[in-house]
Every structure is written in C-alpha cells, then in structure tokens.
1. Looking at (1) touching a residue at least 60 places away in the same chain (Cβ under 8 Å); (2) β-branched (Val, Ile, Thr); (3) under 24 Å from His127 (Cβ atoms), which is the one condition that is false for Thr207?
2. Spot the failing condition for Asp244; the list is (1) at pLDDT 90 or above; (2) surrounded by fewer than 20 Cβ atoms within 10 Å (Cβ to Cβ), and only one is missed.
3. Taking into account only those residues within the stretch 213-224 that are out of contact with any Lys or Arg (no Cβ under 6 Å at 6 or more places or on another chain) and free of Cβ contacts under 8 Å to residues at least 60 places away in the same chain, which is surrounded by the fewest Cβ atoms within 10 Å (Cβ to Cβ)?
4. Yes or no: the stretch 39-60 includes at least one residue that is farther than 20 Å from Pro116 by Cα, open to solvent by 10 Å² or more (accessible area, probe 1.4 Å), more than 32 Å from the chain's Cα centre (by Cα) and free of Cβ contacts under 8 Å to residues at least 60 places away in the same chain.
5. Listed residues Tyr156, Tyr87; which is buried (at least 19 other Cβ atoms within 10 Å of the Cβ) and among the hydroxyl-bearing types (Ser, Thr, Tyr)?
6. Among all residue pairs at least 6 apart or on different chains, which show Cβ distances below 8 Å where the first residue, located in the stretch 83-100, is under 20 Å from Arg114 (Cα atoms) and the second is aromatic (Phe, Trp, Tyr) and assigned to a loop (DSSP other than H, G, I, E, B)?
7. Could you look through the stretch 343-359, keep only residues that are open to solvent by 60 Å² or more (accessible area, probe 1.4 Å), over 18 Å from Glu303 (Cα atoms) and hydrophobic (A, V, I, L, M, F, W, C), and pick out the one that is nearest to the chain's Cα centre (by Cα)?
Amino acid sequence: MAARTRGAALRLCAIVFLLEMAFCKGYVEDLDESFKDNRKDDIWLVDFYAPWCGHCKKLEPIWNEVGLEMKNIGSPVKVGKMDATSYSSIASEFGVRGYPTIKLLKGDLAYNYRGPRTKDDIIEFAHRVSGALIRPLPSQQMFEHVQKRHRVFFVYIGGESTLKEKYIDAASELIVYTYFFSASEEVVPEYVTLKEMPAVLVFKDETYFVYDEYEDGDLSSWINRERFQNYLTMDGFLLYELGDTGKLVAIAVIDEKNTSIEHTRLKSIIQEVARDYRDQFHRDFQFGLMDGNDYINTLLMDELTVPTVVVLNTSNQQYFLLDRQIKNTEDMVQFINSILDGTVEAQGGDSILQRLKRMAFDAKSTVVSIFKSSPIMGCFLFGLPLGVISIMCYGIYTADTDGGYIEERYEVSKSETESQEATEESRELQEPRSEQSLISARQEPKDVLEKKTD
C-alpha cells in the first residue's frame, strides 16, 4: 500500500513538473524570419541556439523560467528564442558566432549578454539594459535605495560638460556590465568629498572612489577596471572577465572544507589587505579567494600546494608565486610591493615556447580526462587509429623487405649470368689455342721424319 502511494505521488510530481514546464514555455516565443521586420516595435531578449548544442539544452529550462518571471513582474521586455541554424542569415546579421548567444535587442541596438547563465543574472541584465542609459537620482532617499540594491554603481555629478559626454559614451558601451546614474551635488551623501565639479564616482565596498583623468587615464577604461568589487570569490568565468581590466589578481587558493589554521589565516590576510589597503592597491590589484586548486593548476600548468597565494596577470598569462612565508598582513603587503617593483620574477607568459607547452599540456589533459571518464571510449578513440597506423607501417616495411629480396635475387641471377658468359668466352678462346697446339704437334713429327730422311 505504501509503495503504491509513493508511486502515485511520484507520478503526480512528474505531471506537475511537466505542466509547469509547458506553462513556462508559453511565455517564450519561437521566432522565425518575420522577426526581422517586427522586432523594432518591442524590446526583445533573445536566445540564439542550435538544436544539437548541449549548452543550449542546459539553458532551455532556465530560459523558460526567465520568460515566466519577466511576465510576472510586468517587464516590457519580451522573451524569445530562435534556431540559429534554421535562420542563419538573421543570426549572422546579429553577429551570432557561437551557441547559445543571448542578446537584448532595443531599437537598432543589440547588447550581448556575457554573464553567468542563471535566471537572476539574466533578468538583472535585461532590466539594466532595457531601461534608461543614465538613470537620474532625484533625492537622497533614492540614492540610499540604490546603494542598498547595487554592490557597484557609477554616478555622474554636475551639469552639462565634456566629461558628461564621455560618461554617456562609456555608459553606452558598458551598460551590459553595470549601472550608471546621474545626480546633483545636493543628493550626494554628506561623507562624499569632491575637490572639483563635475565628477564621476564609483560606489563599492562601502566606500567610493573619484575618477582622476590625470591618474586614471581614459574614463571608459577606468570604469571597466572599477566595475568589480575589490574582493571576490573567483572562478574561471570571473578571471576571464578580469582580463579586460589590466589589473593583477591576487588569489588565496585554499580548501574551504579545511578549517585548519593555515587555510583560515591566509583567507583572512587576503581579506584584510583588500579592505585596509584598498586606497594603495585598488588601481593595480584585484583580490579574491578560490576554493581548490584544480582550475589554477590547469591555468599555470603546474601543481600548486594549498593553501597558497598566486598573483595572476590575466592580460599576458604571467603569474607570480610566493617567495616567502605569509604569516601576517605585513608579509602580504611586502610581497605585493615586491611584485610592483619587479623584485619577484614573473613566470609563464604568452611566448612561443609557452604556447607550445600549453598545446602539449592541453593535449595531455584531454587524453587523461577521456580515459578517466570512459576508459573503453578512450581505448577505442586512440587504440583504433594506432592499430591502423601500425598495420600500415608493417605493410610498408614488409613491402620494402620483399622488394629488397627480389632486387637481391635479380642481382644474384645477373652475376651468375655474367659468370656463365665469361666461362663460355674463356672456353671459346681456349678452343683455337688447342687446335693450334694440335696442328703444331702434328707438324712437329713430320719435320722430325724429314730430318731423319735427310
């Protein structure tokens, strides 16, 4: 009886799940070639996919949830999906080069989504890009609300100016990553001190930084560098994004499950340096934590022992390893200063030798991963070609051997023929000589007789 009840419950859950999936799909439109002419009437969030793509299949249930959520919150953004293999001309027009590709289409503009493929992150992207490029902050209450909601955001303070034009240009390029606001000086919190107006500020890590054209250079580049919090939990995707900032990334590589003093101390030291020395290092360094050394080992083509600290230059693939024991914050600060003044030698890089080393390492890693995941498949993929090549080599070798044997036989027969011809010639030469000797022998007794007669 209990088994029947449990089975019925499972069937009911399956039916509910299927109904929910079907219900969610109702809010994601399947787009065809008519979309090209009608899209400018609305704002669209579109997933360009391929039916055979594994990542596309993984994204599908998340995409259905995005469609349902956008409908529930009353968003003006419509959610759709398009088979880029069936409508390749439209996909090419929008610059689709891989699958899945997520784009928000707003009038004549198309914005690429490059963040994590989670429901919340995609919805946040759609909300940010579909709204105003520069959002006004009319009151202190609104400013405080924005501070509570966003971990990182930029604010332009002042009236019309050349700096504001640059700010708008930067926002149009980087709106896919962060929020941009504008406000008057009266709205800004009292703890903000401005030496001159107009100004551009970034608010993050419970503090703020003011853009300085002479020290920070191009405004767009500065915004791109400062759009991250100073201390982050790192992964492969985030490290890839940090490559555009030009900053060095100092990472504490630890095992989160290990509660020993060494692991917890190193984590605390990195956090303290990121917090207490941010004014000194925030222009050059990004700080973070990484759980486990698998990704770092692949990146550096080396085996790092945890816990440790590694400093990455993601723009040129160089890295710095500890040259001393880190016992406290002062040791970590000295290590960072040694990197800045060139005392610590950089390793890795993107030289030709390193690229060849990377190719060999990637090939080895691929083979090992295949054999670990599926030994039978690995034997088939690599054993079959090796077997065919071995048979071909053996055939070529035996063919050469037989050819040599035939050639040798030919040489032997040729030599035998020449020896036989030589023997016959010698015999022919000997036969006249024997005849002459016989004639001479016959003539000799005749001469003797003639002498005797005389």
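The values are calculated or read from the model by the stated rules, or taken from the named source; none is laboratory data. Everything numeric in this text was worked out from a predicted model, so none of it was measured. Cβ sites come from the backbone with ideal geometry, for glycine too, and all protein chains shown count toward neighbours. Please note that ligands, DNA and RNA were not included when accessible areas were found on the heavy atoms of the full protein model with its side chains. Shrake-Rupley method; radii C 1.70, N 1.55, O 1.52, S 1.80 Å.
1. Result: Thr207 passes all but (3).
2. (1)
3. Narrowing the stretch 213-224 to residues out of contact with any Lys or Arg (no Cβ under 6 Å at 6 or more places or on another chain): 213-218, 220-224.
Subset that is free of Cβ contacts under 8 Å to residues at least 60 places away in the same chain: 213-214, 217-218, 220-222, 224.
On the way: Glu213: 12, Tyr214: 5, Gly217: 12, Asp218: 11, Ser220: 16, Ser221: 14, Trp222: 22, Asn224: 19.
My answer is Tyr214.
4. Pass one, the stretch 39-60, residues farther than 20 Å from Pro116 by Cα: 39-43, 51-52.
Subsequent filtering for residues that are open to solvent by 10 Å² or more (accessible area, probe 1.4 Å) retains 39-43, 51-52.
Pick out the ones that are also more than 32 Å from the chain's Cα centre (by Cα) and you get 39-42.
Next, only the ones that are free of Cβ contacts under 8 Å to residues at least 60 places away in the same chain stay: 41-42.
Looking for residues that are farther than 20 Å from Pro116 by Cα, open to solvent by 10 Å² or more (accessible area, probe 1.4 Å), more than 32 Å from the chain's Cα centre (by Cα) and free of Cβ contacts under 8 Å to residues at least 60 places away in the same chain, one finds at least one in the stretch 39-60, hence yes.
5. Working: Tyr87 fails: buried (at least 19 other Cβ atoms within 10 Å of the Cβ).
Exactly one residue qualifies, and that residue is Tyr156.
6. Taking only residues 6 or more apart or on different chains, the pairs are Ala84/Tyr99.
7. The extreme case among them is Leu356.
Every residue, every condition in (1) of a type outside the set (Val, Ile, Thr); (2) touching a His at 6+ places or on another chain (Cβ under 6 Å); (3) modelled with pLDDT of 85 or more; (4) open to solvent by 40 Å² or more (accessible area, probe 1.4 Å), yes or no:
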site	(1), (2), (3), (4)
Asn313	yes, no, yes, no
Leu322	yes, no, yes, yes
Ile326	no, no, yes, no
Asp341	yes, no, yes, yes
Phe361	yes, no, no, yes
Thr366	no, no, no, yes
